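Shown next, in structure tokens, is the structure this report addresses.
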Amino acid sequence: MSKTIFITGAGSGLGRGTAIGLAQNGHKVIATTELTSQQSDLMKEVREKNLDIEVFKLDITNERDRGQIKEHDFDIFLANAAINEGGPLSEVPLDRIRALFEVNVFATLETVQLAAAKLVEKGFGKIVFMSSIAGIAATPYVGPYTATKHAIEGIAQTLRKELEEFGVQVATINPGPFATGFNDRSAEEKYKWFEKGKNFTRIEDMKKQEESLKDQYDPEDMIRKMVEIIPLEHHPFRTAYPEETEKKMKDSEKEHWELEI
């Protein structure tokens, strides 16, 4: 059955690919972008492919932009918009962490509250949070982003219980590391403030951790999985992908129950 699916942060990466894929599968998509330049670029692709996608700018940190959610009818809301930045958590300037929480947690929850009100009024629908492997499994020097995704996990679990009686489903999608550029830009960002000799974290340790970025997965695989899962009437609360990501998340939780310090 065709669904109407509202997606934030569809200007690039997995969000954009998923918007295109869902429309190609016959769903009506409302794809929003942070920037007008992203809007123009996505609209060009939509016209070229003759897809049923409505595209407009929606910066989730902007109250006027968020208000546009009230003007649309949809069955599924994908809270996908996010930013990323790494660095040693014991030394990251707090303004950088606050910036991540403002987008990834506070603004995200504000959009979800608007979506929830509409879906509760309808008596059915689904909210999907774009979480991450980082929402469960912590990695050194990815702490700021990890903290925001841990918060999203708590929000999603709570909302699932609170909205169930209103007929509204809540779920998370937890990708592993995919080569969209999102993780690479995050790794680079910390060097804007980090100073070797001034900060006590060893730059060699951070560089070693960044080597894992060479082995990121093909984003098309994650897009196909999202296109498959999002429209379904029923599926697991948490979709971790690929299988290696699910295993790492489960192993991480088990490890911390057994860990001694």
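The values are calculated or read from the model by the stated rules, or taken from the named source; none is laboratory data. Treat the numbers as computed from the prediction; the structure is a model and nothing was measured. Positions of Cβ are backbone-derived with ideal geometry, glycine not excepted, and every protein chain shown enters the neighbour counts. Surface accessibility is based on the protein's heavy atoms, side chains included, excluding ligands, DNA and RNA. Shrake-Rupley method; radii C 1.70, N 1.55, O 1.52, S 1.80 Å.
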Report summary line: Of 197, 167, 154, the only residue that is modelled with pLDDT of 95 or more and closer than 22 Å to residue 96 by Cα is 154
Report summary line: Within the range 64-91, the residues that are open to solvent by 40 Å² or more (accessible area, probe 1.4 Å), touching a residue at least 12 places away in the same chain (Cβ under 8 Å) and assigned to a helix (DSSP H, G or I) are 68, 70
Report summary line: Taking the range 184-214 and keeping only residues that are aromatic (Phe, Trp, Tyr), under 28 Å from the mean Cα position of the chain (by Cα) and open to solvent by 50 Å² or more (accessible area, probe 1.4 Å), one is left with 191
Report task. Quick one: residue 179 ticks every box in (1) open to solvent by less than 10 Å² (accessible area, probe 1.4 Å); (2) of a type in the set (A, V, I, L, M); (3) under 16 Å from the mean Cα position of the chain (by Cα) except a single one, so which number is it? Result -> (1)
